Structure formats: structure tokens, C-alpha cells
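Here is the structure we will look at.
A short reminder: the numbers here are calculations on the coordinates, not readings from a lab. Being a predicted model, the structure only gives us computed values, none of them experimental. Cβ sites come from the backbone with ideal geometry, for glycine too, and all protein chains shown count toward neighbours.
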């Protein structure tokens, strides 16, 4: 038998090879589809009437969907991750969805895209302003009308206005408006500094949600709450490329939208209070779900419940 210390270098080299192959496939897939996307975006800019831009919006979303499908293909080729996915079966790519999710890693975005590609409309994320300058992808996100949020006050007024304008554009084509309502990736340090009341989550923020409901509340078929858990530990993006994620657990459910927050007669203060109460309830359920999913990982091998991968 070969000693462990002699096996490790070859294992590291294999991981490095897988990571480089995955990175090259991701880069090639991105360059191919972003080239088409940029041409369509230029045509969209040249069209003077918003009504004439709708076919271009559909084409842009189609290109983005092909990019996601390509990513799913190289993920299947390079990764041995066990996917445990379960949730509401009645999804449609022709309905509007308000999507919320916990946030731990850049990997979350690829997880969401793989699980929901072609099952619901293209996910449109609220992004930090700084991400506009990410090479290639920043321009792609701009072409797809992803809202870039630039906070200018502690109360998030700039976020609401930016989100409202973006959501008005989303009204033209079925869209899944995606919110990482924690506002940043969760880490134990951030959780401690916030004094978060949750065991696995940061405190939720409602600015982008308020903007989404104000502009599109009447169009949303449902709120779709998604929970992502990495039982083996939160991975880095490089872990993801190397195929070093042993298991990804995803749970999703439709949640009734909060009453009185989408163009209702309530005052702004009442609306904020209702929305905050609704998000707090969703977040408490999510925190308990994450605790339940992680509980078997804390047990000795063989003592946890058996689950089956659904995807």
C-alpha cells in the first residue's frame, strides 16, 4: 500500500488539472456566448422605442440560458458532487418569480443557475456596483439589465430607487427577480458582528425586496424561497472548479407573498413593517431547515438519516 504522504502530491496535481480544465471550459463558454450577447446589446441600444426592444430582451435571455446550459455541461464532466435537490414541483418558465436565498459563496450563483435553468425565467440578480467592473461578466450583466446597487445611505433609499427602475424593465419579459437579502456572504465573523439572531444566517435586508414588490408585485406568481447548504463546509470558487465539493443540498418552496405590500393602501411605514415581519418569518424557517440538514453531519458515520439525491 502506498503511504498517504506519497499519495497527496498526485492528488493535488489531479485536483489542479481538474480545476484548470474547468476554468478553461468556463472561460471558453463565457467568451462564446458573451460575444453574441454583446452584439444583441448593441442592437438593443440602437432601437429607439422600448416596445421594439422586447424581442431583443427575449434573445438576450436565450443567450444567457445557453451559457448556463454550457456551464451545467462542464460541471457534469468535471465534478463528482452529490446533488440533493427537493422542492415545489410546479414551476414554469412563463411566470414571474420573486426569489430569495441565503448567501455563502460565489458558488451559490452556479448552484441556483443549474437547479433552475429552463424551469423558471432567467434569474436576474441585484449586484453590488463594484461588480460592473468584472471583466466580460460586468458588461454581460449590464446587457441583461441586472441592477447594480450603490448604497448612499444607511436606510437603503438609493437601493430602492435603483431596484425600482430595474424592475420596471423586468415587467416586459417573464423574469425571476433574485435577492440575496442578507446583502453579503454569510461568515461566522459577520454573523457575530451583526449579533444576528439566527444560527446560520445574517440579518435580512428588505430594500431590494421592497423595490421588486413595488414595481412588479402584481406580476409575481409566487415568492420562491431557496436554501443552499454545503454539508462538507462552505466552498471557495476554486474548490468548486476543482470538484472538491462532496455534496450540495438545495431546498426550495413557494411562499405566499406578504399581504398589503404590493401597491396596497398601507402607508410606507406599514408596508415596511409588514415586509420585515414576512422576511423574518421566512428567515426563521430557513434557519431551522439549515440546522436540520446539518444535524446528520455532526453525528458519527452511520448514525444520520439516509437521503436520496433528487437531481
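With R₀ set to 25 Å, the beta-carbon distance separating residue 172 from residue 36 gives a calculated FRET efficiency near 0.75. In this label model, residue 295 and residue 59 are separated by 5.3 nm, measuring between points 7 Å along each Cα→Cβ vector. Across segment 81-298, the mean sequence separation of Cα contacts (distance under 8 Å, 6 or more residues apart), normalised by length, yields a relative contact order of 29 percent. Modelled label positions at residue 119 and residue 72, each set 7 Å beyond Cα in the direction of Cβ, lie 0.9 nm from each other. The calculated FRET efficiency for the pair residue 24 and residue 133, based on their C-beta separation and a Förster distance of 25 Å, comes to about 0.60.
In this simple spin-label model, placing a label point 7 Å from the Cα along the Cα-to-Cβ direction at both residue 238 and residue 192 gives a separation of 2.4 nm.
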